[in-house]
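The values are calculated or read from the model by the stated rules, or taken from the named source; none is laboratory data. Keep in mind it's a predicted model, so treat the numbers as computed, not measured. Glycine also receives a Cβ, built like all others from the backbone with ideal geometry; neighbour counts cover every protein chain displayed. Heavy atoms of the whole protein, side chains included, go into the accessibility calculation; ligands, DNA and RNA do not. Shrake-Rupley method; radii C 1.70, N 1.55, O 1.52, S 1.80 Å.
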Amino acid sequence: MNLKYPLFSPLFLLPVLMHAGDHSAGKASYSGGSASDKSPYHLFNPVPVESMRDMSTDRPDATESPITVDAGHFQIEASFFDYGRDRSGGDSADVWTYGAFNLKAGLLDHVDLQFVFDSYVDERINENGVRTTASGFSDLQMRMKINLWGNEGGPTALGLMPFVKIPTGTESSNDRWEGGVIVPFAMDLADGIGLGLMAEADFVHDDVSGGYETEWVHSAVVGIDLTERLGTFVEYMGVAGSDDGFRYQASFNTGLTYAVTENMQLDAGVRIGLNDAAEDFGVFTGISVRY
């Protein structure tokens, strides 16, 4: 049983490669805006509204977007709620997360800074006949997304995202500094259909050995535009670990997105575990807004 990666947990975020500016709702659809030189712009000298690229978010799927927030602009990606359930033998785990936020600020034309945290987490675990509960504010994760190419258009895009998890000392915290790096990639497959790929290395604390282990997250998502505003995605995600006792986790994720405006997107979806080691089932819904 392993619930290390619920939606918007400190080491697992559910994202999207959608560009709501043209109301392309397919999750991995990549079209980009018109190519232009935005190097003069920064946090205190915002990109003009008319020159902003299409909105791209890091939710609701697990595959991160390589596209950054325009310099001088802000984006809020929030989960209204997320529920994850896991059953294995006589053990069980139920995790409710409310108000999971990813707050983004565009620093440069190809760099944004992100603050990720859960406002309230309620964990109820029954393991080996022992029932434990924990609730409260989550750890804080700081991420920096650097777009290497494709921010302003083209058939492909690539990004680099180092991150660090800062312990907050709450009931939901493991009181350990952790971190890692994410490499997201996106490409067009056809009109209204896109592909997203992600490789991620997480350096997590092992309570048994007292040291740190590496966990490898990998995912692939295909997004399809159903209408100008409505889209869907299907995704595979796997997690492998360097520890000899780590059991590979595989899951299938799917959901819908709806572009309300150029700067607002609603989403909802489900997670389904494909093997015993993965979380059995999860459901979530959320919103993304750009300023």
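If the condition is being over 16 Å from Arg87 (Cβ atoms) and either free of Cβ contacts under 8 Å to residues at least 40 places away in the same chain or open to solvent by 40 Å² or more (accessible area, probe 1.4 Å) (or both), then the range 266-281 contributes Leu266, Ala268, Val270.
Looking across the range 109-129, the residues that are more than 19 Å from Val69 (Cα to Cα) and either of a type in the set (Asp, Glu) or assigned to a strand (DSSP E or B) (or both) come down to Asp118, Ser119, Tyr120, Val121, Asp122, Glu123, Arg124, Ile125, Asn126, Glu127. Annotation note: Cβ proximity below 6 Å between a residue of the range 106-127 that is open to solvent by 30 Å² or more (accessible area, probe 1.4 Å) and a residue that is of a type in the set (D, E, K, R) and modelled with pLDDT of 95 or more (sequence gap 6+ or interchain) occurs for Arg124/Asp94.
Failed condition for Met161, given (1) farther than 24 Å from Thr232 by Cβ; (2) surrounded by fewer than 17 Cβ atoms within 10 Å (Cβ to Cβ); (3) aliphatic (A, V, I, L, M), with all others met? Unmet condition: (2).
Residues checked against (1) open to solvent by less than 50 Å² (accessible area, probe 1.4 Å); (2) part of a strand (DSSP E or B):
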{"residue": "Gly179", "(1), (2)": "yes, yes"}
{"residue": "Pro184", "(1), (2)": "yes, yes"}
{"residue": "Gly196", "(1), (2)": "yes, yes"}
{"residue": "Ala201", "(1), (2)": "yes, yes"}
{"residue": "Asp207", "(1), (2)": "no, no"}
{"residue": "Glu215", "(1), (2)": "yes, yes"}
{"residue": "His218", "(1), (2)": "no, yes"}
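Taken over the range 163-175, the criterion of being under 12 Å from Val204 (Cβ atoms) and over 21 Å from the mean Cα position of the chain (by Cα) is satisfied by no residue. Of the candidates Val49, Val69, the single residue that is among the β-branched types (Val, Ile, Thr) and either open to solvent by 10 Å² or more (accessible area, probe 1.4 Å) or in contact with a helix residue (DSSP H, G or I) (Cβ under 7 Å, 6 or more places away or on another chain) (or both) is Val49.
On inspection, Asn151 qualifies as out of contact with any helix residue (DSSP H, G or I) (no Cβ under 9 Å at 6 or more places or on another chain), open to solvent by less than 20 Å² (accessible area, probe 1.4 Å), in a loop (DSSP other than H, G, I, E, B) and not small (Gly, Ala, Ser).
Pairing residues of the range 146-162 that are among the β-branched types (Val, Ile, Thr) with residues that are part of a strand (DSSP E or B), at Cβ distances under 6 Å and at least 6 apart in sequence or on separate chains, gives Ile146/Val111; Ile146/Leu160; Thr156/Met187. For the range 257-291, the set of residues classified as over 27 Å from Val69 (Cβ atoms) and assigned to a strand (DSSP E or B) consists of Val270, Ile272, Gly273, Phe281, Val283, listed by residue number.
Does the range 130-137 include one or more residues that are open to solvent by 50 Å² or more (accessible area, probe 1.4 Å), part of a strand (DSSP E or B), on the phi < 0 side of the Ramachandran plot and among the charged types (D, E, K, R)? Yes, the range 130-137 contains a residue that is open to solvent by 50 Å² or more (accessible area, probe 1.4 Å), part of a strand (DSSP E or B), on the phi < 0 side of the Ramachandran plot and among the charged types (D, E, K, R). A Cβ distance below 8 Å, combined with a sequence gap of six or more or placement on separate chains, defines the contacts here; from the range 78-104, residues that are free of Cβ contacts under 8 Å to residues at least 24 places away in the same chain and open to solvent by less than 30 Å² (accessible area, probe 1.4 Å) reach residues that are assigned to a strand (DSSP E or B) and of a type in the set (Ser, Thr, Tyr) in the pairs Gly99/Ser79; Gly99/Ser119; Gly99/Tyr120. Candidates in the range 225-261 are the residues that are open to solvent by 30 Å² or more (accessible area, probe 1.4 Å) and aromatic (Phe, Trp, Tyr); of these, the one that is nearest to Arg290 (Cα to Cα) is Tyr258.
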